[in-house]
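Structure first, commentary second.
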Amino acid sequence: QIRIGADCSGTCTGSIWDDFEASGGVYAIYNVPNSTLIPINATGFVVHAWNPMGMQVQGLYGPVTDYRVAVRAAAPLNVACSSPTVSSLTMSWSRGLLNDCAAGFLQWEVVAQTSHTPWFIPEGCRSLVSLNSETCTATGLASDMAYQFKVRILCTLEETQSDWSDISDAVMTLPIPAEPPRNVRLQLPGSDEMLVSWQTGALGDCEFLDTVVEASIDSSNANLTCFQPYGCT
């Protein structure tokens with residue numbers, strides 16, 4: 001059990017604010033009720049641990065100026081993605097009020113997720129320690145994949161760091177296009193036919209449908225119309 005009360009100077013007799021239970025870990029958070037009467041000449045507050053064997057003789061002292069509610073930084077706004085490539089997306093957001101984090105800003109924390117992965121910190125968006133850095137480019141992403149992001153502010157005092165922003169709309173990275181066929185050959189020419197062969201390149205993110213073969217009578221004339229020859233359709 002924890003007992004917390006005012007430590008007074010002069011003729012002040014002190015004031016027990018409350019008793020409360022705390023178990024597990026090494027930290028306890030207690031919000032003093034607004035109706036608590038704190039002596040006018042109180043200089044600080046003292047916290048004593050208590051158990052059935054008695055109360056701690058030497059309490060932990062803190063100045064009364066520390067007795068205040070910390071106001072969190074406002075959550076970032078307008079989180080959005082733009083400029084997609086096959087492996088990156090550019091993130092941007094707007095900063096809200098810092099409140100009690102103003103003197104203790106640490107960094108922006110940016111995380112991403114897909115439908116197949118949990119939240120993670122992407123490369124390119126780590127260690128954003130400049131307060132004015134309201135953008136980053138997430139790199140090393142998978143191609144042809146939808147990503148969502150969210151942002152928060154980390155502060156030296158955990159109680160003042162912001163909540164997470166709203167989750168951004170999903171934006172797709174670009175697909176990797178198929179490579180063009182190579183080593184195209186014309187073999188076994190006949191009077192009205194010939195064998196056309198080629199090697200297929202890497203498909204990338206292409207969901208293969210078919211291969212289109214076109215021909216022209218004179219490749220030196222750029223104005224000639226190509227056509228699909230019979231047997232290659």
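Computed from the coordinates by the stated procedures, all read-outs in this text should not be read as laboratory data. Note that the structure is a prediction, hence the values are computed from the model and not measured. We place every Cβ from the backbone using ideal geometry, glycine too, and count neighbours over all the protein chains shown.
Descriptive notes on the structure:
- P(r) for segment 84-233, from all Cα pairs and a bin width of 5 Å, is 2, 8, 13, 13, 11, 8, 7, 6, 6, 6, 6, 5, 4, 3, 2, 1, 0, 0 %, short bins first.
- Paramagnetic label zone (point 7 Å from Cα along Cα-to-C-beta, A146; backbone N under 12 Å) in segment 90-131: 114-116
- Anisotropy class of segment 133-203 from Cα gyration tensor, a/c 1.5 cut: prolate
- Summing charges over neighbours of Q199, with a neighbour being any other residue whose Cβ is under 11 Å away from its Cβ, gives +1 when K and R count +1 and D and E count -1.
- Evaluating 6.51 cos²θ - 1.76 cosθ + 1.60 at θ = phi - 60° for every residue in segment 137-148, the Karplus couplings come out as 10, 6, 10, x, 7, 6, 6, 6, 9, 8, 10, 10 Hz, glycine and proline recorded as x.
- Compared with the alpha-carbon gap, the fully stretched path from C206 to M172 is longer by 10.7 nm at 0.36 nm per residue.
- Each residue of segment 90-101 is assigned a 3J(HN,Hα), and the resulting list reads 9, 9, 9, 7, 10, 7, x, 5, 7, 6, 7, 8 Hz, derived from the Karplus form 6.51 cos²θ - 1.76 cosθ + 1.60 (θ = phi - 60°), x at Gly and Pro.
- Per-peptide average of other Cβ atoms within 10 Å, ordering 124-131, 95-102 highest first: 95-102, 124-131
- For segment 173-182, 3J(HN,Hα) computed residue by residue from phi via the Karplus equation (6.51, -1.76, 1.60; θ = phi - 60°) reads 6, 6, x, 7, x, 5, 6, x, x, 9 Hz, glycine and proline entered as x.
- Between W119 and N99, full extension at 0.36 nm per residue minus the direct alpha carbon distance yields a gain of 4.5 nm.
- Local net charge near A146, Cβ-Cβ under 14 Å (Lys/Arg +1, Asp/Glu -1): -3
- Cα shape, segment 44-165, gyration tensor, a/c 1.5 rule: prolate
- Net lengthening on full extension, L131/E214 (0.36 nm per residue, minus Cα-Cα): 24.2 nm
- Calculated FRET efficiency for the pair D163/S83, C-beta based, R₀ 25 Å, to 0.05: 0.40
- Charge context of Q107, other residues only, Cβ under 13 angstrom, K/R +1, D/E -1: +1
- Among the GluC sites (Glu not before Pro) within segment 131-233, those in coil by DSSP and having at most 12 neighbouring Cβ atoms inside 10 Å are E193, E207, E214.
- Label-to-label distance, nm, for residues given as V184 and T225 (7 Å Cα→Cβ offset): 1.9
- Under 5 Å, built H, 5+ apart or other chain: amide partners of D163: A75
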